[in-house]
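See structure below.
The values are calculated or read from the model by the stated rules, or taken from the named source; none is laboratory data. Quick caveat: nothing in here was measured; it's all calculated off a predicted structure. Don't worry about glycine lacking a Cβ; one is built from the backbone with ideal geometry, like all the others, and counts go over all protein chains shown. Heads up: the accessible areas ignore ligands, DNA and RNA and are worked out on the full protein's heavy atoms, side chains in. Shrake-Rupley method; radii C 1.70, N 1.55, O 1.52, S 1.80 Å.
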Amino acid sequence: MPLPCQLCYEDATLVCSACKCARYCSEKCQKQDWKTHKKGCEFQQILNRVNEEHAAAPRARPNSKRCTGCNVRFSRDYPCEDECPDCGYVACESCACDSSSGTCYCPQSNFGRKYCSMEPKWYHTDGNGKTYRGDRHPETYPGEEYPDEIYEAEPRACNNCGEVTRVFKEKYRDHAYFS
């Protein structure tokens, strides 16, 4: 469903090229709204730059003495169950098997296991809620193969791991198909 025009509330098809937030149905509405939008546009551009810088900055490694998911302190009786070799996310047994708390910060994998080799799940995210949308070629076992129509016609290099294999067609990479 399209978002409404900033001025007349009709379906918007245009987006302000500067702030990337204000939406308009026509150039006429955009020009008519400029005096009102100008100040907010400048402010939104600053916010966009700050957000981009923040997103690009490397995330600090989590405290290895506490579960990153629930913040419980590890002990001999309650040890660390899983640790991501790439981002340092550590999880207790409860969080490691929980679908939302047991997702590390890596955008292409979870605890070192590449998302491309797993069946799509709703919790395959980068730790900030952004869903993995890359190639998929899940491991299969005899008798559990996926139907041929799910795969692209020809093998190619996976855009995540580089392995040359048959990958899912784009519409089958979404977790909703497997839910």
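What is the distance, in nm, between label points placed 7 Å from the Cα along the Cα-to-Cβ direction at residue 140 and at residue 21?
Label-label distance for residue 140 and residue 21, simple model: 4.7 nm.
At 1.4 Å probe radius, can you tell me the per residue accessible area of the chain in Å²?
For the chain, the per-residue accessible area is 67 Å².
Expressed in nm to one decimal, what extension gain is obtained for the pair residue 153 and residue 13 from 0.36 nm per residue of sequence separation less their Cα-Cα distance?
Full extension from residue 153 to residue 13 adds 47.0 nm.
Can you order the peptides 113-121, 134-142 by their average number of other Cβ atoms within 10 Å per residue, highest first?
Details: 113-121: 18.4, 134-142: 14.6.
Averaged packing, sorted descending, gives the order 113-121, 134-142.
For segment 40-179, what value does the Rg/Rh ratio take when both radii are computed over Cα atoms and Rh is the Kirkwood radius, given to two decimals? Can you show the working numbers first?
Working: Rg = 18.1 Å, Rh = 17.1 Å.
My calculation puts Rg/Rh at 1.06.
Quick one: if you stick a label point 7 Å off each Cα along the C-beta vector at residue 119 and residue 177, how many nm between them?
So the two model labels end up 1.3 nm from each other.
Between segment 100-161 and segment 53-83, how many Å separate their Cα centres?
Here the answer is 23 Å between Cα centres.
Relative to the longest principal axis of the C-alpha atoms of the chain, give the angle of the C-alpha long axis of helix 27-56, reported between 0 and 90° and rounded to the nearest 10°.
Once rounded, one gets 30 degrees.
Under a Cβ-only charge scheme (Lys and Arg +1, Asp and Glu -1), can you give me the dipole magnitude of segment 19-164 about the Cα centre, in debye to the nearest 20?
Dipole size: approximately 1380 debye.
Roughly speaking, to the nearest percent, how much of segment 50-179's 1.4 Å accessible area is carbon and sulfur? Mind showing how you got there, number by number?
On the way: 3860 of 8310 Å².
Ligands and nucleic acids excluded, carbon and sulfur give 46 percent.
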